[in-house]
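Visitor: Starting off with a structure, shown below.
Just so it is clear, none of the values below were taken in a lab; they were calculated from the coordinates. Not measured: the values here are computed from a predicted model. Please note: Cβ atoms are built from the backbone with ideal geometry, for glycine as well, and neighbour counts cover all protein chains shown.
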Amino acid sequence: MFIHETDNWTSFRWDSDKIADLLARTNKAVGFLAGRLSTIGFDNQMAATVESVTHDVVSSSEIEGVTLNTAEVRSSVARKLGVTVPETKELTHYIDGIVEMMLDATQNYSAPLTAERLFGWHAALFPTGKSGSATISIGTYRTGGMEVVSGMFGRERVHYRAPEAGRVSGEMDHFLAWFNDPQYTPSLLKSAIAHLWFVSIHPFDDGNGRIGRAISDMMLSRADQSKLRYFSMSMQISREKKAYYRILESIQRGDGDITGWLVWYLECLGRAVEASESMLSGVLNKAMFWKTFTAITITDRQREVLNTYLDGYEGKLTAKNWAGLAGVSLDTAGRDIKDLVSKGMLSQVQGRVRDVSYTINYIAGDAFIRNFSTPQIIRREDKEYITAFYKDKQKVEERISDIDRLRLEQKEITLNDLLYKYFAYLTD
């Protein structure tokens, strides 16, 4: 039996005692992140939003096996939000359509969610009227049965069977009335319930997962009362895709007790907020880097590879890696790097003769380092952080990447290098 086959199936139940503390912790984490972002200025807030929405769009499609070009998505998001990004890409109508769907959900979060609005989102996901090679009904509810299956032909396993087509319109009317009802205050819990409820109806021939995640993001925006997005739930779900499908199947085969789903969703949301901390410092430092070197002329190729590293690529900055990323010879890569060193944008790591590596100079000059005292690396819950006092009064802390920890241990970089990398955004 599937969840929708039980009486009054949308009268979901849960154990409040099992989620109360978790809900409080997750709300606190979301609030802390929002507080941190409130201090960084509008331009940096928008840059962080661009990055978060980009991750949402790319990851939500990735969960369904659809690969999108991250740079193209970022350019589309930035353009629609009026944010200037260093790279420009020729965009496809398909990517623009997907981005428009996500931005409509999170930027116009206060507008009622209606069937017509959902039909528009669905049409944006499938502009050709096809899903792969199959023709599907676009911009309307499905007219046939729907099963979530896996496995080879003849050995398929049915994970979930959705309500029959004749029930879909009525089920969606019920869902939309609840979603828009102000009696049910927007909250993290309502976001979790909305996600589960929508994908359990499975109203479309395809695209239900992506639309369901957009709906839950819309409710998160309502809960925050903010168009600014600082964390990506879809990116975290993509990292935990097996667990995501496993808990959905378990609940959808249950009797209406959704405690397990709420616990998983809130824990996943907490991990998404935690992951956004490192994304945030990267966004801020990237903005500071290009602000510092705004007057420097470089080639499009140099800019593209630098942005790859600034966006979190964890490989060492060497001529070999540069050549691979840029698709050029080692000699050409060496000339690119030498030019950036001469312009002050890169520095050679001292003491290396073979396999020379370089670091990015996020800001110019040494005066910045004098603002910090007692920098150190600390370990907490299997993660490592750099912490210090800024201007002798403000304690600052950022999680460092595994590759930076290794390079520090091997004495390829110093604590000062990490201060430059992770705290450049503190520059006055």
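Visitor: Percent antiparallel among DSSP beta bridges with both residues in the chain, to the nearest 5?
Guide: 95
Visitor: Run lengths n ≥ 4 of DSSP H only: what is the helix-derived mean residue ellipticity at 222 nm for the chain, with -39500 (n - 2.57) per run over all residues, to the nearest 500?
Guide: It lands at -17500 deg cm²/dmol.
Visitor: Ranked highest first by the average count of other Cβ atoms within 10 Å around their residues, in what order do 70-78, 375-383, 258-266 fall?
Guide: 70-78, 258-266, 375-383
Visitor: What's log10 of I(q)/I(0) for the chain at q = 0.12 Å⁻¹, Debye sum over Cα points only, no solvent?
Guide: Cα-only, vacuum Debye calculation for the chain: -1.04.
Visitor: Follow-up. Decide, for the range 14-71, between rounded, prolate and oblate: order the square roots of the alpha carbon gyration tensor eigenvalues as a ≥ b ≥ c, take rounded if a/c falls under 1.5, and otherwise choose prolate if a/b is larger than b/c, else oblate.
Guide: On the way: a/c = 5.95, a/b = 1.24, b/c = 4.79.
Because a/c hits 1.5 or more and a/b fails to exceed b/c, the range 14-71 counts as oblate.
Visitor: Next question, about the same structure. Does the range 318-428 classify as rounded, prolate or oblate by the C-alpha gyration tensor (a ≥ b ≥ c root eigenvalues; a/c under 1.5 gives rounded; else a/b over b/c gives prolate, otherwise oblate)?
Guide: Prolate.
Visitor: So how tilted is helix 165-180 from the main axis of the chain? Cα-based, degrees 0 to 90, rounded to 10.
Guide: 60
Visitor: Could you count how many Lys pairs in the range 1-157 have their Cα atoms under 30 Å apart, skipping same-chain pairs fewer than 8 positions apart?
Guide: 4
Visitor: Binning every alpha carbon pair distance of the range 1-155 at 5 Å from zero, what are the percents per bin?
Guide: Computed distribution, short to long bins: 1, 7, 11, 14, 15, 16, 14, 11, 7, 3, 1, 0.
Visitor: Sticking with this one: Along the Cα-to-Cβ line of A134, 7 Å from the Cα, sits a label point; which residues in the range 199-242 have backbone N less than 20 Å from it?
Guide: Correct set: 199-213.
Visitor: Viscosity 1.567 mPa s, temperature 4 °C: what is the translational diffusion coefficient of the range 263-385 from Stokes-Einstein with a Kirkwood Rh over Cα pairs, rounded to a whole number of µm²/s? Please report the intermediate quantities before stating the final value.
Guide: On the way: Rh = 16.7 Å.
Estimated via Stokes-Einstein, D reaches 77 µm²/s.
Visitor: Rounded if a/c is under 1.5, else prolate if a/b beats b/c, else oblate: with a ≥ b ≥ c from the C-alpha gyration tensor eigenvalues square-rooted, which is the range 286-355?
Guide: Rounded, since a/c falls under 1.5.
Visitor: Could you work out how far helix 93-107 tilts from the main Cα principal axis of the chain, as a 0 to 90 degree angle to the nearest 10?
Guide: For 93-107 against the chain, the angle is about 80 degrees.
Visitor: With just the Cα atoms defining each centre, how far is the range 355-428 from the range 299-338? Give it in Å.
Guide: 23
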